[in-house]
Amino acid sequence: MPKNSRPDPSTLAIHAGVPPAVRGDPVTPPIYQAATFHGGGPGDDAPLRYTRYGNNPTIEMVGAKVAALEEMEAGLPLASGMAAITMTLLALTREGDHVLASSQLYGATRLFLAEELPRRGASTTFIDPLIDQDWRSRLRKNTRLLYLELPTNPTLRVVDPAPIAQLAREIGIPLVMDTTFASPINFRAGAHGADVVVHSATKYLGGHSDLTAGVVCGTSDFVREVQAMLRHYGPALDPHAAWLLDRGIRTLGVRMERHNESALHLARWFETQPEVDTVIHPGLPSHPDHKVAGRVLDGFGGMLGIVLKGGREAEERFCGALRLAAVAPSLGGVETLVSLPRLTSHRGVPAPERAAMGIPDGFVRLSIGLEGVRDLERDFREALNAVSRG
Ligand SMILES: *Cc1c(COP(=O)(O)O)cnc(C)c1O
C-alpha cells in the first residue's frame, strides 16, 4: 500500500482485521468462544480449526489487526508476552545455533536466552548497545537472529535500530524487536527494519491491566512457523482474552496520545520539584537519547523514572504516601502504577552494578495512566511532601 493511502493507526486500531459486515451483523466483532470447530470428517483434508492451533477466528482477527498496525504481513496473539517471545526464539533456533542479543532486556527474556535456550543446544552472546555498537564483530557463522528491546526498562534508553536492521539485512538473518514500551502507536517496527516484532499485550495493547497476552508479527511464513510451535507447546490465547485484547486495542490511539502527553507533562513537572534529583524520560532534552528518540519514535511514551534525593528511605516514604497511584508491577494500563526496579525487575542485581546501569537507590518507575494530570500532580506532590518531611 502506498504510504499516503495508509489509514491512520487510530483507524487501523479500530477497523483492521475485522471482516466486512453485512446488514444485521453486530457492529462489534463476535467472540468465537469455542475450543473446536466443525471439520475433519471423511474426505475433508483441509486444515483443522482448533483454538490451541491459534486459528480461532477471534484470535486471527486480533493478529491481523496488530500486524496492520506494525506494517507487517501477519500477526499471532499468544497467551502472554513471554509466550510470544519464547515461541519466536524457539521457532528461529535449532541445536548449534547462536543468538546475538542486547543485554538490556526484560528479565525473563534475558533468563530464557541465558539459561533455557542452552538446554536446547543454542547459545546467546549479549551486547550492551548503550556502550558498544559493534554488533558485527560479535557475529558468528551460526548466528541466526539479532534481538533488541526498545525503549529499555526502566531507564527508557532508545537505541537507533537502523544500523542493526541494516546488518541483519546484509547477512540475511532476522532482527527481532520487543517494543512493548512503545506500542505500535509510538514505534512501527516494520517501518524501522524489524523483521519480527513481539509485544507483551498485557501492557499498552490491552491497556486495562485485566488480561495477559502477547503478540508476534512478521512475514506470513514466519508467523506460520510460530504457530507450529504453538501446537507443541500450547500457549494459545483464550478467545475471550483475545476479544478483550481487541476491545483494548480499539482505543489504543487515544490512549497513547494521552499517555504521551501526561508523562511528558509530569516529567517536566518533576524536574522542578526539589526532592527529585533526576528525571528520566526520552522527551526531556536531559535524556541521553532525546535526539534519537525524537527521530525514531512517534511519541515518547507513558513511562518515566525519577531518582529521589534520599535513596531508599525517600522511596519508602514516597510510595507509602501515594493515594491515587498504585504501587504495583507492570505498566501500560489506564491506571497509574508505581514500582521500584530495585525490588522488582532488577532485584537480583547488586546495588553498585544497578547504580552503574542508571538505577541508583531512590529510583522510582512510573507508568503514567489516564487520570487527570492535575490529580496525579497533587498525588505526587503529597508523596514528595512525605519525602521532605523526613
Ligand atoms: C511485561 C513484559 C514482557 C513479558 O510480558 P508478559 O505478558 O508479562 O508475559 C516482555 N517484554 C517486556 C518489555 C515487558 O514489559
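For the pair the range 123-173 / the range 278-333, the C-alpha centres are spaced 25 Å from each other.
Legend: translational diffusion of the range 49-168 by Stokes-Einstein, Rh = Kirkwood radius over C-alpha pairs, 20 °C, 1.002 mPa s; D = 136 µm²/s. Axis angle, to the nearest 10 degrees, between helix 252-271 and the longest C-alpha principal axis of the chain: 20 degrees. Accessible surface of the chain, 1.4 Å probe: 53 percent of it comes from carbon and sulfur atoms. Using DSSP to call loops (not H, G, I, E or B), can you name the trypsin sites (Lys or Arg not before Pro) in the range 281-390 whose Cβ has at most 10 other Cβ atoms within 10 angstrom? Answer in residue order: 323.
Quotient of the Cα radius of gyration of the chain and 2.2 N^0.38 Å, N being its number of residues: 1.01. Using a Gaussian network model of the chain with C-alpha springs under 10 Å, which one of 325, 236, 162 is most mobile by mean-square fluctuation? Its mean-square fluctuation being the largest, the pick is 162.
For the chain, the antiparallel share of DSSP beta bridges with both residues in that region comes to about 55%. Normalised radius of gyration (Cα atoms, divided by 2.2 N^0.38 Å) for the range 132-278: 1.22. In percent, rounded to a whole number, the relative contact order of the range 295-367 is 44, using alpha-carbon pairs under 8 Å and six or more apart. The mean sequence separation of alpha-carbon pairs under 8 Å and at least six residues apart, normalised by the residue count of the range 34-156, gives a relative contact order of 21 percent. Karplus-derived 3J(HN,Hα) values for the range 60-77, using 6.51 cos²θ - 1.76 cosθ + 1.60 with θ = phi - 60°, are 4, 4, 5, x, 5, 5, 5, 4, 4, 5, 8, 6, 10, 5, 9, x, 9, x Hz; glycine and proline are entered as x. Pairs of alpha-carbon atoms within less than 8 angstrom and 6+ residues apart define the contacts here; what relative contact order does the chain have, in percent? Once divided by the residue count of the chain, the mean separation gives 17 percent. For the pair the range 197-257 / the range 26-101, the C-alpha centres are spaced 9 Å from each other.
The H on the amide N of residue 363, modeled in the peptide plane, is under 5 Å from the matching H of 308, each at least 5 residues off or on a different chain.
Against the main long axis of the alpha-carbon atoms of the chain, helix 220-233 sits at an angle near 90°. Helices in the chain, meaning DSSP H runs of at least 4 residues, each add -39500 (n - 2.57). Divided by all residues, the mean residue ellipticity at 222 nm is -10500 deg cm²/dmol.
The values are calculated or read from the model by the stated rules, or taken from the named source; none is laboratory data. Treat the numbers as computed from the prediction; the structure is a model and nothing was measured. All Cβ positions, even for glycine, are placed from backbone atoms using ideal geometry, and neighbour counts span all protein chains on display. Keep in mind that these areas ignore ligands, DNA and RNA; they rest on the heavy atoms of the full protein, side chains included. Shrake-Rupley method; radii C 1.70, N 1.55, O 1.52, S 1.80 Å.
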